[in-house]
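> First the structure, which I've put down as structure tokens, then a few questions once you've had a look.
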Amino acid sequence: MPNWGEARAAATTRLRSAPDPDTAALDADVLLAFVLGVGKEALFAHPERDLSAADSDRYQELIERRGQGEPVAYLRGFKEFYGLRFSVDPRVLIPRPETEVLVDAARKRIAGRALTVVDVGTGSGAIAVAIAAHEHEVRVIGTDSSRDALAVARANALSNGVADRVEFRHGDLLAPITERVDIVCANLPYLPDASVERWVGERSSLAFEPRVAVVAGLEGLSVIERCVAGLPRVMSPGGAAFFECDPPQVAAITAMLERIGLRPRTERDLSGADRMVAAYPPT
């Protein structure tokens, strides 16, 4: 059996010919630490330790799956987001770091107040749970058209200790919302249908994630457009909405929000890209 150092080296070499060669060493380390149940620091401190036969077989299986493009988050079964751990599997989209900008913007608007927040298309529940975990006075509602996704979201609310303040409702976008709400958060599908062939061919992580959570029509705007159309029915006076999007879509989403009388503002993600359009009441 190889030792830890030898296993890491072989896995890194294998992953350098995989769809994400830039993360080969990191992925090899993360997956070995996961199999062994240790921190990555232990791998560096004890490269001479031998792998057991069972751990070696398990590690090779995960490396082969990663080599085919399967996301590390699905292989481990969890993903960190906003300082919290979320269970994820192919029923839900994997939370991305750029979405933390949306949570930050919503929290700035909440500012400790007892408001009602809706997370539209909640998926894993990442946005809903992150807001509830850090804003203790809010009531959060998460909606999704997928019952499978809602099962994951409910489990994440429970594991993160906010199940008593996050309610999940099944239905399309804002359709399950029957009351007025103060804040609408939406990380909805925004990639064009035509992009599917490219990222499946490249074996990117998106090829493994639920397509319904990723693509949205010819220009990637059909789902966001329907959600924007539903805002006047549910938003309270003084309410605000936050939409994650692809940077080239900012102008189109800004125009949609202006047409219903809201005042849009663009926010940038951690890389400096225009990633979110916020909408506030007119001044």
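The values are calculated or read from the model by the stated rules, or taken from the named source; none is laboratory data. Predicted model only: the values in this text are computed from it and were never measured. Because the Cβ atoms are built from the backbone with ideal geometry, glycine has one as well, and the counts that use them run over all protein chains shown. Heads up: the accessible areas ignore ligands, DNA and RNA and are worked out on the full protein's heavy atoms, side chains in. Shrake-Rupley method; radii C 1.70, N 1.55, O 1.52, S 1.80 Å.
> Might you let me know whether region 35-43 holds any residue that is farther than 30 Å from Arg268 by Cβ, outside any strand (DSSP E or B) and of a type in the set (Lys, Arg)?
Scanning region 35-43, I find at least one residue that is farther than 30 Å from Arg268 by Cβ, outside any strand (DSSP E or B) and of a type in the set (Lys, Arg), so the answer is yes.
> On to the next question. Go over the candidates Ala229, Ala213, Ala157 one by one and state the one that is open to solvent by less than 50 Å² (accessible area, probe 1.4 Å), among the small types (Gly, Ala, Ser) and more than 30 Å from Ser17 (Cβ to Cβ).
The conditions single out Ala157.
> Same structure, new question: I'm told Ala11 meets every condition in (1) touching a residue at least 40 places away in the same chain (Cβ under 8 Å); (2) of a type in the set (A, V, I, L, M); (3) over 30 Å from Leu206 (Cβ atoms) except one. Can you identify the failing condition by its number?
(3)
> Another question, then. Which one of these is buried (at least 24 other Cβ atoms within 10 Å of the Cβ) and within 12 Å of Cys185 (Cα to Cα): Ile141, Ile131?
Only one candidate qualifies: Ile131.
> Inspect all residues belonging to region 50-57 and state whether any of them is assigned to a helix (DSSP H, G or I), open to solvent by 60 Å² or more (accessible area, probe 1.4 Å) and touching a helix residue (DSSP H, G or I) at 6+ places or on another chain (Cβ under 8 Å).
Taking every residue of region 50-57 in turn, none turns out to be assigned to a helix (DSSP H, G or I), open to solvent by 60 Å² or more (accessible area, probe 1.4 Å) and touching a helix residue (DSSP H, G or I) at 6+ places or on another chain (Cβ under 8 Å).
> Within region 244-255, which residues are hydrophobic (A, V, I, L, M, F, W, C) and crowded, with 21+ Cβ neighbours inside 10 Å?
Cys245, Ile253
Results for (1) open to solvent by less than 20 Å² (accessible area, probe 1.4 Å); (2) modelled with pLDDT of 95 or more; (3) of a type outside the set (A, V, I, L, M), shown as yes or no for each residue.
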| position | (1), (2), (3) |
| --- | --- |
| Arg85 | no, yes, yes |
| Asp89 | no, yes, yes |
| Ala105 | yes, yes, no |
| Asp119 | yes, yes, yes |
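> Considering region 219-273 alone, what residues qualify as being of a type in the set (D, E, K, R), over 18 Å from the mean Cα position of the chain (by Cα) and part of a loop (DSSP other than H, G, I, E, B)?
Scanning region 219-273 gives a single hit, Glu219.
> Let me ask something else about it. Could you give every pair whose Cβ atoms fall below 9 Å, whose first residue belongs to region 203-224 and is closer than 16 Å to Asn187 by Cβ, and whose second residue is polar (S, T, N, Q) and at pLDDT 80 or above, counting only separations of at least 6 or pairs across chains?
Note: pairs meeting the criteria are Pro210/Ser146; Val212/Ser145; Val212/Ser146; Ala213/Ser146; Ala216/Ser222; Gly220/Gln249; Leu221/Gln249; Ile224/Gln249.
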